[in-house]
Amino acid sequence: MAPATGRAQAPSAAGSASSDSFATAPFKAPAKVLAVVERHLGRPYVWGACGLKSFDCSGFVWRVMQENGVLVKRTTARKYYMSLPEVAEEERWNFGNIVFFSNLKHCGIVDTRETFYHAAVSTGTHRSRFDPFWRRKISGVRAMPKRVE
């Protein structure tokens, strides 16, 4: 798999190289995902934290997946990118997908084509716009896997 660059690129047509134990079909329960995201908004950023009172970016994504039955190991944004399912170009901005920034050093959850949720150092967990600052930092998008039944 080619390393991600600082610009948004369409995921390749090949399947994910993941060997993790979660299912690889995209997760399809946006109302529950949104409820979990909203429950954790407004929490401060703390490096290495995964809730419930504070988060870093990958800890926030992990907590949302965990509380939605997606059982994945708590890890870094880079490792999530390498292990989560790829997303078709036409679906990349669908709610619930995971968006990666800054050469895979930051991640968040897509809300709409214009916004995403994440944990930022200066503002904690909140919703941001895909403004020019964030757009130029996009490294890629992956799907939130469906929960393991």
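Modelled label positions at R129 and N103, each set 7 Å beyond Cα in the direction of Cβ, lie 2.9 nm from each other.
Taking Cα centre as origin and charging only the Cβ of basic (Lys, Arg, +1) and acidic (Asp, Glu, -1) residues, the dipole magnitude of region 30-142 rounds to 400 debye. Beyond 24 Å in Cα-Cα separation lie the following of the pairs K32/K137; K73/K105; K53/K146; K53/K137: K32/K137; K53/K146; K53/K137. Ordering F133, S122, L34 by Cα displacement along the dipole of region 30-142 toward the positive end leaves S122 in first place; charges were set at the Cβ atoms of Lys, Arg (+1) and Asp, Glu (-1). Net charge in the neighbourhood of R78 (other residues with Cβ under 12 Å of its Cβ; Lys, Arg +1, Asp, Glu -1) is +3. Inverting the pair-averaged 1/r between distinct Cα atoms of region 30-142 gives 13.6 Å as its Kirkwood hydrodynamic radius. When the convex hull of its Cα atoms is viewed from all sides, region 25-81 shows a mean projected area of 3.9 nm².
Counting charges near G124 (Lys, Arg +1; Asp, Glu -1) among other residues having Cβ under 11 Å from its Cβ returns a value of +1.
Bear in mind that the values in this text are calculations on the coordinates, not laboratory data. As the structure is a prediction and not an experimental result, all values here were calculated from the model. Cβ sites come from the backbone with ideal geometry, for glycine too, and all protein chains shown count toward neighbours.
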